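Bear in mind that the values in this text are calculations on the coordinates, not laboratory data. Remember, predicted model here, so these are calculated numbers, not experimental data. Every residue, glycine as well, gets a Cβ built from its backbone with ideal geometry; the counts of neighbours run over all protein chains shown.
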Amino acid sequence: MNKDAVAAYYARNAERYHSLVEHSEERSEDLMEAGEQLAILLSGHRVLELACGTGVWTEMIAQGAASVVATDVNEEMLAVASELGEGLDNVTWRQADAFDLPPDLEGEGGKFSAVFMAGLWSHLDRDEQEAFLAQLKKRLGKDVLLVLVDDEYIEGESGTIARTDAQGTTWQIFEDEDGSRHELAKSYPTDSALRKRLGNVGKEIKIARWEFYWVLTCRLK
């Protein structure tokens, strides 16, 4: 499945990924501004973070959150993230699949008041997005705050779209350090597409956009 190919790509490239993504001054400014707003938004929350990657966003949301359980399916990514975030006393690192959460990470009983995910939504094809949202609705509980963050398309900087499939999912070519090429889903949804996708599981949907990032918030129904 596409999500497995995405996970395998990031596992292979975990060690170099933090330095692989070089931010322009403008992107860095957007990253910091979005991070500051997210820290305020998640202030006091008990946060479950899915697909934390190298922990760039973890460090930002931890500035406001009461606690963060930062998870990733790849132990390679978690090793990088936990090393970079070694001083974050309110963060716990866990290996977990966003599509198959272990029972102790479910939200019943108020364990988590917010779920945060940055960068994974755009890598899911439409069927995977549906499966991901169905699990959240089933296992995290009503009124939990959901926060999704992902990339805007930037002409000349974002990867070239290789194709669009029959479902409307767009695909890009990603390269390993050795030059191996892999076609992975990578979407840049409009506000209307996001509202339509999240409408079945979320209420009070709000979307904010910076030049390089978008943020969606809602409450799970």
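Structural remarks
- In this structure, Met1 and Asp176 have a Cβ-Cβ separation that, at R0 = 22 Å, corresponds to a calculated FRET efficiency of about 0.70.
- Each label was represented as a point 7 Å from its Cα along the Cα-to-Cβ direction; for Gln37 and Arg219 these points are 2.1 nm apart.
- About its Cα centre, segment 2-220 has a charge dipole of approximately 1280 debye under the convention of +1 per Lys or Arg Cβ and -1 per Asp or Glu Cβ, with nothing else charged.
- When each of Lys137/Lys203; Lys3/Lys142; Lys111/Lys186 is checked by Cα-Cα distance, pairs over 21 Å: Lys3/Lys142; Lys111/Lys186
- Shape call, the chain: gyration tensor on alpha carbons, a/c limit 1.5: rounded
- Residues considered: Ala208, Ala62, Ala11. Largest GNM mean-square fluctuation over the chain, using C-alpha springs under 10 Å, is found at Ala208.
- Average Cα contact separation per residue, the chain, under 8 Å, 6 or more apart, as relative contact order %: 19 percent
- Whole-percent pair-distance distribution, where bins are 5 Å wide, for the alpha carbons of segment 106-202: 2, 11, 19, 22, 17, 12, 8, 6, 2, 0
- With each label modelled as a point 7 angstrom along the Cα→C-beta vector, the Asp97-Ala193 pair spans 2.7 nm.
- Between segment 161-221 and segment 74-125, the alpha-carbon center distance in angstrom: 19 Å
- Coupling constants for segment 92-105 follow from the phi torsions by the Karplus curve (6.51 cos²θ - 1.76 cosθ + 1.60, θ = phi - 60°), and in residue order they are 10, 9, 9, 7, 7, 8, 4, 9, 8, 5, x, x, 6, 10 Hz; glycine and proline get x.
- Cβ-based net charge around Lys221, under 13 Å, with every Lys or Arg adding one and every Asp or Glu removing one: +3
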